[in-house]
Amino acid sequence: DGAICIQPCSPSFHGETSFVCEDRKWHMLSDACASLDVQSLFQVRMLLCTCFNIFFNTSLTSSCQADFSCIIPDILSSPAIPGNIADIVELLTKISLLLSENVTRGKMQSYSRIANHILNSSIISNWAFVKDRNAGSILLDSVNLFAGKLLLRNGSESIQEPFIATKGYSIHRNTSGKSFDFSMEFNSTGNITGNVVIPEEELLRLPRASKAISVAFPTLGAILETNQPDPAFVNGMVLSVSLPEELQNILLTFEKLNKLEQAGARCVGWHSAERRWDPRACEVRAHTAAAVVCVCAHRRRTYRSFSILMAPATPRSSVLDLITRVGLGLSLFSLVLCLVIEAVVWHHVTKTEITYMRHFCLVNIAASLLVADLLFILAAIVHNTALNYQLCVAATFFLHFFYLALFFWMFTLGLLILYGLLFIFFKITRSVFLAAAFSIGYGCPLVISILTVAITEPKNGYLRSGACWLNWYETKALLAFVVPALSIIVMNLIVVLVVVVKTGRSSVGEGCKSQDLSSMIRVSKNVALLTPLLGLTWGFGLATIIDSRSLAFHVVFALLNAFQGFFILLFGTLLDRK
């Protein structure tokens, strides 16, 4: 496993194909076999055209020299295989860098025809085997650079190919607002639309007349996905804009490709330096079943291309929604009732140090889960409405903190058992216990939560796509919850085994501690019952991430997660005879 095999191409191609061994089978890794040598083809044709003009003493009127149309027939007749795609991307990059002065309509048409050849919806799958995984991003940058220098005739221009369209307008401060409307073929089933609007208040910022260029790509989003670890997919066309630096915000409307998708949409901008989708560039203005309206920040050096991301479809059913709503309501009611009961009977059940410590831990477990459940509702509201990124980050931070606090207070309860059983002659004061308990119960979660957001948020890897919760696919930020939680569950199960062994061989000499021993046994029952339930809950929670389409995992997780508060009320309070 992991071995690499490199195979030469067939005689009519140049390059090589790479394979990787996985599960005792060879899988294609990259295919650099190409039939084109577009670089030399371009240089030879351009040289011939130049010689023709010099020999006949003509001005630069040759169509080949004016718009490099002479290389188009060979390119369009070549198969759009991965090796040829890579060469054509390299060619378009060189044209953008070397021949982007005075981009006329003819030049833009030729450039668009070449780009259209490798953007065809029928060959998108070939991009997965292009050797340079950043080829899609390089193509996007090249097109944006070239199109941004398009000369406008009579104040406007429109050039359209099936899979790339360019429009431009002259703009000035007295313009009443400009709109770019695109309707393009996405595949054989129909068209997809997109719209770019420059608000009138933005145009008032212009000190002089200028131009606005927009390029639409109906298939490029799927190409950019091939190098993204996040399973979220682009669900609309990619819209690029080239505007004067004075213009900062634009409105974009994206028609959804998949209108059956029920997951929340995120408006994103392509970060050209980091080559990834960045939700900080945009906010959702409106979201319907058919389209999403975004407000995006245009920055020439970072954000010039925009689209919408949708999370992968998670199984939705009326049963799942009912379980979540009823269970969450019951959980909140149970936790409030638990805290009320603890407050009423507090002086009757906390007469010894051990019982005081036990009930103190239970109160904090219930309070942590109560706040976490309320934040869970807030996070859902924030995500399902117009997503405010900063609010979503804040909700996720506190949700992470209080869920961790739940487990660390369970851990404190486990340590309390070990103290009562193993350190019989060692007494700690109440103040020392409270200081240690707060340090473990809230101090450790706070440190972990702060470190998680500090490390992952600068890279925009804190939030997962489609929810206000910790990221999994890019930065594995979710491990900052899963690892501590599962570790505590394992340690508490070990504590329960220690209790079983210890109480099984209790001696007569421990009779003076019989009251404390019975208290320890009651605490152990709490831990023994709650720990497996919490472990199962978050074990299935992890399973829903690994297999997000399994309805069974989602139903079991929803049941266990929603009824956690009821379990705490039942096993922590109601079943206690005292």
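The values are calculated or read from the model by the stated rules, or taken from the named source; none is laboratory data. Since this is a predicted model, take the numbers as computed values, not measurements. So basically every Cβ, Gly included, is an ideal-geometry build from the backbone, and we count neighbours across all protein chains shown. Ligands, DNA and RNA are excluded from the accessible area calculation, which covers all protein heavy atoms including side chains. Shrake-Rupley method; radii C 1.70, N 1.55, O 1.52, S 1.80 Å.
None of ALA343, ALA386 is open to solvent by 30 Å² or more (accessible area, probe 1.4 Å) and modelled with pLDDT under 85 except ALA386. For PHE163, the conditions (1) out of contact with any Pro (no Cβ under 7 Å at 6 or more places or on another chain); (2) in contact (Cβ under 8 Å) with a residue 12 or more places away in the chain all hold with the exception of (1). Determine whether CYS361 is under 23 Å from the mean Cα position of the chain (by Cα) and either assigned by the TED database to the domain that holds LEU415 or at pLDDT 85 or above (or both). No; evaluated as a whole, the condition is false for this residue. Looking across ARG153, ARG133, ARG105, one residue alone is within 33 Å of the chain's Cα centre (by Cα) and of a type in the set (Lys, Arg). It is ARG133.
Condition check ((1) basic (Lys, Arg); (2) under 25 Å from PRO458 (Cα atoms); (3) surrounded by fewer than 20 Cβ atoms within 10 Å (Cβ to Cβ); (4) in the same structural domain as ILE164 (by the TED database)) across all residues:
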residue: ASN249; (1), (2), (3), (4): no, yes, yes, yes
residue: ARG266; (1), (2), (3), (4): yes, yes, no, yes
residue: CYS282; (1), (2), (3), (4): no, yes, no, yes
residue: ALA289; (1), (2), (3), (4): no, no, yes, yes
residue: ARG301; (1), (2), (3), (4): yes, yes, yes, yes
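Filtered by the rule that a residue be open to solvent by 60 Å² or more (accessible area, probe 1.4 Å) and among the hydroxyl-bearing types (Ser, Thr, Tyr), region 115-157 gives SER122, SER125. Of all the numbered requirements in (1) loosely packed, with under 15 Cβ neighbours inside 10 Å; (2) in contact with a Phe, Trp or Tyr (Cβ under 8 Å, 6 or more places away or on another chain); (3) farther than 22 Å from ILE365 by Cα, THR456 misses one, and that requirement is (1).
For region 141-148, state whether one or more residues are of a type in the set (Gly, Ala, Ser) and within 15 Å of ILE88 (Cβ to Cβ).
Yes; the residues of region 141-148 include at least one that is of a type in the set (Gly, Ala, Ser) and within 15 Å of ILE88 (Cβ to Cβ).
In summary, helices (runs of 4 or more DSSP H) completely within region 59-178 and bearing 3 or more residues that are assigned by the TED database to the domain that holds GLU200 and at pLDDT 90 or above occur at 82-98, 105-119, 135-147. The residues on offer are SER305, SER334, and the sole one that is open to solvent by less than 10 Å² (accessible area, probe 1.4 Å), modelled with pLDDT of 90 or more and assigned by the TED database to the domain that holds PHE563 is SER334. Going by the structure shown, is ALA405 open to solvent by less than 50 Å² (accessible area, probe 1.4 Å) and closer than 21 Å to SER368 by Cα? Answer is yes for this residue. The single condition among (1) open to solvent by 60 Å² or more (accessible area, probe 1.4 Å); (2) more than 30 Å from the chain's Cα centre (by Cα) that PHE398 does not satisfy is (2).
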